[in-house]
Amino acid sequence: MSEFVNFHFDVDGDNFVSAGQASVKVKKNLREMGLDPDIIRRVSIAMYEGEINMVIHAGGGVADVNVYKDYIEIILDDHGPGIPNVELAMQEGYSTASDHVRSLGFGAGMGLSNMKRYTDDMQIDSTVGVGTKITMRVNME
Amino acid sequence: MKISDIKELLDAQVLCGEVYMYRDVFSACGSDMMSDVLAYVKDQAVLLSGLVNSQVVRTAEMMDMVCIVFVRSKQPTDEMIQLAKDYKMVMLSTEKRMYEACGILYSNGLVANGQKKA
Ligand SMILES: Nc1ncnc2c1ncn2[C@@H]1O[C@H](COP(=O)(O)OP(=O)(O)O)[C@@H](O)[C@H]1O
Ligand SMILES: [Mg+2]
(Lines give C-alpha, C1' and ligand atoms only; values in the text may rest on other atoms or scores of the structure.)
(Ligands and ions follow the chains in the order given, each with its own letter.)
Protein backbone atom coordinates (compact mmCIF):
# COMPACT_ATOMS: atom_id res chain seq x y z
CA MET A 1 0.00 0.00 0.00
CA SER A 2 1.21 3.51 -0.84
CA GLU A 3 2.24 6.03 1.78
CA PHE A 4 -0.48 7.90 3.61
CA VAL A 5 -1.19 10.16 6.55
CA ASN A 6 -3.58 8.86 9.21
CA PHE A 7 -5.71 10.78 11.69
CA HIS A 8 -7.34 8.66 14.37
CA PHE A 9 -10.05 9.66 16.85
CA ASP A 10 -12.11 8.09 19.60
CA VAL A 11 -15.60 9.55 19.37
CA ASP A 12 -17.26 9.92 22.77
CA GLY A 13 -20.81 8.65 22.60
CA ASP A 14 -22.03 10.27 25.80
CA ASN A 15 -21.44 13.85 24.89
CA PHE A 16 -23.52 15.61 22.26
CA VAL A 17 -21.87 18.95 23.06
CA SER A 18 -18.44 17.72 21.99
CA ALA A 19 -19.73 15.75 18.98
CA GLY A 20 -18.07 16.95 15.81
CA GLN A 21 -14.74 17.79 17.41
CA ALA A 22 -12.94 15.14 15.38
CA SER A 23 -14.34 16.51 12.13
CA VAL A 24 -13.31 20.05 13.02
CA LYS A 25 -9.81 18.75 13.80
CA VAL A 26 -9.65 16.92 10.47
CA LYS A 27 -10.67 20.07 8.66
CA LYS A 28 -7.89 21.97 10.39
CA ASN A 29 -5.31 19.28 9.63
CA LEU A 30 -6.29 19.07 5.96
CA ARG A 31 -6.03 22.85 5.68
CA GLU A 32 -2.55 22.69 7.13
CA MET A 33 -1.67 20.06 4.54
CA GLY A 34 -2.65 22.62 1.90
CA LEU A 35 -5.37 20.55 0.22
CA ASP A 36 -8.04 22.00 -2.05
CA PRO A 37 -10.72 23.86 0.00
CA ASP A 38 -13.59 22.19 -1.84
CA ILE A 39 -12.22 18.72 -1.09
CA ILE A 40 -11.60 19.68 2.52
CA ARG A 41 -15.19 20.85 2.86
CA ARG A 42 -16.62 17.67 1.33
CA VAL A 43 -14.50 15.43 3.55
CA SER A 44 -15.24 17.33 6.72
CA ILE A 45 -19.00 17.66 6.15
CA ALA A 46 -19.35 13.94 5.33
CA MET A 47 -17.31 13.02 8.38
CA TYR A 48 -19.24 15.44 10.59
CA GLU A 49 -22.60 13.88 9.66
CA GLY A 50 -21.13 10.42 10.29
CA GLU A 51 -19.61 11.49 13.58
CA ILE A 52 -22.94 12.94 14.75
CA ASN A 53 -24.64 9.68 13.76
CA MET A 54 -22.14 7.68 15.83
CA VAL A 55 -23.00 9.85 18.83
CA ILE A 56 -26.80 10.01 18.47
CA HIS A 57 -27.45 6.50 17.14
CA ALA A 58 -24.54 4.30 18.21
CA GLY A 59 -23.03 5.47 21.50
CA GLY A 60 -19.75 6.57 19.93
CA GLY A 61 -16.99 4.73 18.12
CA VAL A 62 -13.72 5.30 16.32
CA ALA A 63 -12.95 7.44 13.29
CA ASP A 64 -9.98 7.22 10.93
CA VAL A 65 -9.11 9.54 8.11
CA ASN A 66 -6.42 8.34 5.70
CA VAL A 67 -4.98 10.80 3.23
CA TYR A 68 -3.47 9.12 0.18
CA LYS A 69 -1.97 10.78 -2.86
CA ASP A 70 -5.09 10.38 -4.99
CA TYR A 71 -7.91 10.17 -2.47
CA ILE A 72 -9.01 10.59 1.12
CA GLU A 73 -10.66 7.72 2.97
CA ILE A 74 -12.92 8.22 6.01
CA ILE A 75 -13.71 5.16 8.12
CA LEU A 76 -16.30 5.35 10.91
CA ASP A 77 -16.63 2.25 13.03
CA ASP A 78 -19.05 1.74 15.91
CA HIS A 79 -20.48 -1.02 18.09
CA GLY A 80 -23.97 0.43 18.14
CA PRO A 81 -27.28 -1.28 17.34
CA GLY A 82 -26.59 -1.53 13.59
CA ILE A 83 -28.89 -0.49 10.76
CA PRO A 84 -31.59 -3.09 9.98
CA ASN A 85 -32.47 -1.71 6.55
CA VAL A 86 -29.68 0.30 4.95
CA GLU A 87 -31.67 1.15 1.83
CA LEU A 88 -34.44 2.65 3.95
CA ALA A 89 -31.98 4.49 6.18
CA MET A 90 -30.40 6.06 3.10
CA GLN A 91 -33.69 7.68 2.06
CA GLU A 92 -33.85 11.42 2.62
CA GLY A 93 -36.16 12.16 5.52
CA TYR A 94 -36.01 8.70 7.10
CA SER A 95 -34.96 8.94 10.73
CA THR A 96 -35.36 7.02 13.95
CA ALA A 97 -34.01 9.95 15.97
CA SER A 98 -35.91 10.94 19.11
CA ASP A 99 -37.71 14.25 19.55
CA HIS A 100 -34.89 15.20 21.89
CA VAL A 101 -32.27 14.72 19.16
CA ARG A 102 -34.49 16.65 16.76
CA SER A 103 -34.71 19.53 19.22
CA LEU A 104 -30.91 19.62 19.09
CA GLY A 105 -30.97 20.27 15.33
CA PHE A 106 -30.31 16.77 14.03
CA GLY A 107 -32.62 13.92 13.09
CA ALA A 108 -33.95 15.36 9.82
CA GLY A 109 -32.98 12.12 8.10
CA MET A 110 -30.56 13.87 5.76
CA GLY A 111 -27.25 12.69 7.22
CA LEU A 112 -26.57 9.53 5.24
CA SER A 113 -27.73 11.13 1.99
CA ASN A 114 -25.53 14.16 2.66
CA MET A 115 -22.60 11.78 3.24
CA LYS A 116 -23.30 10.03 -0.03
CA ARG A 117 -23.67 13.27 -1.96
CA TYR A 118 -20.39 14.75 -0.72
CA THR A 119 -18.26 11.66 -1.33
CA ASP A 120 -17.28 9.74 -4.45
CA ASP A 121 -17.90 6.38 -2.85
CA MET A 122 -19.65 5.19 0.32
CA GLN A 123 -19.95 1.65 1.67
CA ILE A 124 -22.12 0.80 4.66
CA ASP A 125 -21.33 -2.44 6.40
CA SER A 126 -23.82 -2.90 9.22
CA THR A 127 -24.95 -5.86 11.30
CA VAL A 128 -27.82 -5.58 13.76
CA GLY A 129 -26.57 -6.03 17.30
CA VAL A 130 -22.92 -5.82 16.22
CA GLY A 131 -22.31 -2.38 14.78
CA THR A 132 -21.83 -0.24 11.73
CA LYS A 133 -18.78 0.51 9.65
CA ILE A 134 -19.00 3.25 7.06
CA THR A 135 -16.19 3.76 4.57
CA MET A 136 -16.22 6.87 2.41
CA ARG A 137 -13.83 8.03 -0.24
CA VAL A 138 -13.25 11.46 -1.75
CA ASN A 139 -11.03 11.63 -4.81
CA MET A 140 -8.47 14.40 -5.00
CA GLU A 141 -9.49 15.37 -8.55
CA MET B 1 -23.21 43.90 2.42
CA LYS B 2 -20.90 43.95 5.40
CA ILE B 3 -21.52 42.12 8.66
CA SER B 4 -21.80 45.54 10.28
CA ASP B 5 -24.80 46.22 8.00
CA ILE B 6 -26.47 43.04 9.29
CA LYS B 7 -25.99 44.27 12.83
CA GLU B 8 -27.63 47.61 11.93
CA LEU B 9 -30.50 46.12 9.91
CA LEU B 10 -31.40 43.60 12.62
CA ASP B 11 -30.63 45.94 15.49
CA ALA B 12 -28.45 43.12 16.80
CA GLN B 13 -26.10 42.75 19.70
CA VAL B 14 -22.50 41.70 18.93
CA LEU B 15 -21.49 38.71 21.06
CA CYS B 16 -18.03 38.13 19.61
CA GLY B 17 -15.87 38.74 16.56
CA GLU B 18 -16.03 42.53 16.63
CA VAL B 19 -12.81 42.71 14.57
CA TYR B 20 -14.40 40.82 11.66
CA MET B 21 -17.42 43.16 11.37
CA TYR B 22 -16.25 44.70 8.11
CA ARG B 23 -16.08 41.44 6.19
CA ASP B 24 -18.20 41.32 3.03
CA VAL B 25 -20.95 38.71 2.87
CA PHE B 26 -23.10 37.89 -0.13
CA SER B 27 -25.54 35.20 0.94
CA ALA B 28 -27.19 33.57 3.93
CA CYS B 29 -29.16 30.58 5.11
CA GLY B 30 -31.74 30.29 7.91
CA SER B 31 -32.54 27.00 9.66
CA ASP B 32 -32.86 25.17 12.94
CA MET B 33 -32.06 21.81 11.34
CA MET B 34 -28.32 21.44 10.90
CA SER B 35 -28.44 18.71 8.25
CA ASP B 36 -30.48 21.07 6.06
CA VAL B 37 -27.73 23.65 6.39
CA LEU B 38 -25.14 20.99 5.57
CA ALA B 39 -27.07 19.65 2.59
CA TYR B 40 -25.96 22.04 -0.14
CA VAL B 41 -22.88 24.19 -0.30
CA LYS B 42 -23.74 27.46 -1.99
CA ASP B 43 -21.08 29.59 -0.39
CA GLN B 44 -23.47 31.06 2.13
CA ALA B 45 -21.56 33.20 4.58
CA VAL B 46 -24.20 33.83 7.25
CA LEU B 47 -26.27 31.38 9.29
CA LEU B 48 -29.45 32.52 11.01
CA SER B 49 -30.74 30.11 13.62
CA GLY B 50 -33.05 29.86 16.60
CA LEU B 51 -31.17 26.81 17.85
CA VAL B 52 -28.58 27.25 20.58
CA ASN B 53 -25.92 24.56 20.94
CA SER B 54 -22.32 23.91 19.95
CA GLN B 55 -23.39 22.07 16.81
CA VAL B 56 -24.69 25.32 15.33
CA VAL B 57 -21.18 26.76 15.57
CA ARG B 58 -19.51 23.59 14.23
CA THR B 59 -22.01 23.40 11.37
CA ALA B 60 -21.18 26.99 10.43
CA GLU B 61 -17.47 26.17 10.59
CA MET B 62 -18.00 23.12 8.36
CA MET B 63 -19.68 25.37 5.79
CA ASP B 64 -16.92 28.02 6.03
CA MET B 65 -19.46 30.56 7.25
CA VAL B 66 -18.23 33.74 8.89
CA CYS B 67 -21.25 34.96 10.86
CA ILE B 68 -24.00 33.42 13.00
CA VAL B 69 -27.14 35.37 13.89
CA PHE B 70 -29.30 34.06 16.73
CA VAL B 71 -32.91 35.09 16.36
CA ARG B 72 -35.53 35.64 19.09
CA SER B 73 -32.84 37.00 21.45
CA LYS B 74 -31.31 33.57 21.91
CA GLN B 75 -28.04 33.74 23.84
CA PRO B 76 -25.23 31.27 23.18
CA THR B 77 -23.30 29.68 26.04
CA ASP B 78 -19.76 30.77 26.91
CA GLU B 79 -18.52 27.53 25.37
CA MET B 80 -20.20 28.41 22.05
CA ILE B 81 -18.75 31.91 22.12
CA GLN B 82 -15.31 30.43 22.69
CA LEU B 83 -15.76 28.09 19.71
CA ALA B 84 -16.85 31.00 17.52
CA LYS B 85 -13.78 32.95 18.58
CA ASP B 86 -11.56 29.99 17.69
CA TYR B 87 -13.19 29.84 14.26
CA LYS B 88 -12.86 33.63 13.79
CA MET B 89 -16.60 34.15 13.42
CA VAL B 90 -18.90 37.01 14.30
CA MET B 91 -21.84 36.10 16.55
CA LEU B 92 -24.88 38.33 16.68
CA SER B 93 -28.16 38.13 18.57
CA THR B 94 -31.35 39.89 17.46
CA GLU B 95 -34.80 40.21 19.02
CA LYS B 96 -36.39 39.64 15.62
CA ARG B 97 -37.91 36.31 14.72
CA MET B 98 -36.53 34.09 11.97
CA TYR B 99 -39.03 35.05 9.26
CA GLU B 100 -38.64 38.75 9.83
CA ALA B 101 -34.85 38.66 10.18
CA CYS B 102 -34.45 36.68 6.95
CA GLY B 103 -36.92 38.96 5.14
CA ILE B 104 -35.08 42.12 6.14
CA LEU B 105 -31.71 40.77 5.04
CA TYR B 106 -33.06 39.31 1.81
CA SER B 107 -34.82 42.51 0.78
CA ASN B 108 -31.61 44.40 1.45
CA GLY B 109 -29.68 42.27 -1.00
CA LEU B 110 -28.39 39.33 1.02
CA VAL B 111 -29.54 36.51 -1.22
CA ALA B 112 -29.93 32.78 -0.63
CA ASN B 113 -27.70 31.59 -3.41
CA GLY B 114 -24.65 33.74 -3.42
CA GLN B 115 -21.64 33.68 -5.62
CA LYS B 116 -18.43 34.62 -3.94
CA LYS B 117 -17.15 37.74 -5.63
CA ALA B 118 -13.46 38.42 -6.14
N1 LIG C 1 -24.04 4.65 13.07
C2 LIG C 1 -25.34 4.30 13.08
N3 LIG C 1 -25.76 3.29 13.91
C4 LIG C 1 -27.05 2.91 13.93
N5 LIG C 1 -28.01 3.48 13.17
C6 LIG C 1 -27.66 4.48 12.34
C7 LIG C 1 -26.32 4.94 12.25
N8 LIG C 1 -26.26 5.93 11.33
C9 LIG C 1 -27.51 6.07 10.87
N10 LIG C 1 -28.37 5.21 11.45
C11 LIG C 1 -29.81 5.01 11.17
O12 LIG C 1 -30.10 5.58 9.90
C13 LIG C 1 -31.10 6.61 10.03
C14 LIG C 1 -30.83 7.71 9.04
O15 LIG C 1 -29.61 8.37 9.32
P16 LIG C 1 -29.41 9.86 8.84
O17 LIG C 1 -29.68 9.93 7.36
O18 LIG C 1 -28.09 10.35 9.29
O19 LIG C 1 -30.58 10.65 9.54
P20 LIG C 1 -30.73 11.13 11.06
O21 LIG C 1 -29.40 10.98 11.74
O22 LIG C 1 -31.16 12.54 10.94
O23 LIG C 1 -31.78 10.25 11.67
C24 LIG C 1 -31.00 7.05 11.48
O25 LIG C 1 -32.19 7.64 11.95
C26 LIG C 1 -30.70 5.72 12.17
O27 LIG C 1 -31.87 4.94 12.32
MG1 LIG D 1 -27.69 11.73 10.90
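The table below lists the values:
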{"item": "Computed over chain B: relative contact order in percent, which uses C-alpha pairs under 8 Å that are six or more apart", "result": "34"}
{"item": "Gain upon complete extension [residue A:128, residue A:29; 0.36 nm per residue less C-alpha separation]", "result": "32.3 nm"}
{"item": "Selected from A:83, A:20, A:96, residue furthest toward positive end of dipole (chain A; charges at beta carbon)", "result": "A:20"}
{"item": "Per residue, in Å², the accessible surface of the range B:3-107 once ligands and nucleic acids are set aside, probe 1.4 Å", "result": "42"}
{"item": "Largest to smallest accessible area among A:69, A:116, B:7 [probe 1.4 Å]", "result": "A:69, A:116, B:7"}
{"item": "Estimated buried accessible area (total), pair A and B, 1.4 Å, Å² to nearest 100", "result": "2100"}
{"item": "Rounded to the nearest 10 Å², the accessible area of residue B:106 at probe 1.4 Å", "result": "140"}
{"item": "Within the range B:3-107: Cβ-based charge dipole about Cα centre, in debye rounded to nearest 20 (Lys, Arg +1; Asp, Glu -1)", "result": "100"}
{"item": "Protein accessible area in the range A:5-139, 1.4 Å probe - carbon and sulfur %", "result": "48"}
{"item": "For residue B:87, net neighbour charge (Lys/Arg +1, Asp/Glu -1) across residues whose Cβ lies under 9 Å away", "result": "+1"}
{"item": "Computed over the range A:5-139: relative contact order in percent, which uses C-alpha pairs under 8 Å that are six or more apart", "result": "27"}
{"item": "Probe 1.4 Å, all protein chains present, accessible-area order of A:32, A:92, B:95, largest first", "result": "B:95, A:32, A:92"}
{"item": "Lysines with Cα under 27 Å of residue A:28, excluding same-chain neighbours fewer than 8 positions away", "result": "A:69, A:116, A:133, B:2, B:42, B:85, B:88, B:116, B:117"}
{"item": "Solvent-accessible heavy-atom area per residue, rounded to whole Å², over the range A:29-72 at 1.4 Å", "result": "34"}
{"item": "Nearest 10 degrees, 0 to 90: helix A:21-32 Cα axis against chain A principal axis", "result": "20"}
{"item": "Estimated dipole of the range A:97-141 in Debye, rounded to 20 [Cβ of Lys and Arg +1, of Asp and Glu -1, Cα centre]", "result": "100"}
{"item": "In Å², nearest 10: area of residue A:100 left accessible to a 1.4 Å probe", "result": "120"}
{"item": "Prolate/oblate/rounded label for chain B (Cα gyration tensor, a/c 1.5)", "result": "rounded"}
{"item": "Cα gyration tensor of the protein assembly as shown - equivalent ellipsoid semi-axes, whole Å, descending", "result": "32, 21, 16"}
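The values are calculated or read from the model by the stated rules, or taken from the named source; none is laboratory data. Because the structure is predicted, anything quoted here is derived from the model rather than measured. Ideal geometry is used to build each Cβ from the backbone, glycine not excepted, and the neighbour counts take in all protein chains shown. Remember, those area values only see protein heavy atoms, side chains included, never the ligands or the DNA or RNA. Shrake-Rupley method; radii C 1.70, N 1.55, O 1.52, S 1.80 Å.
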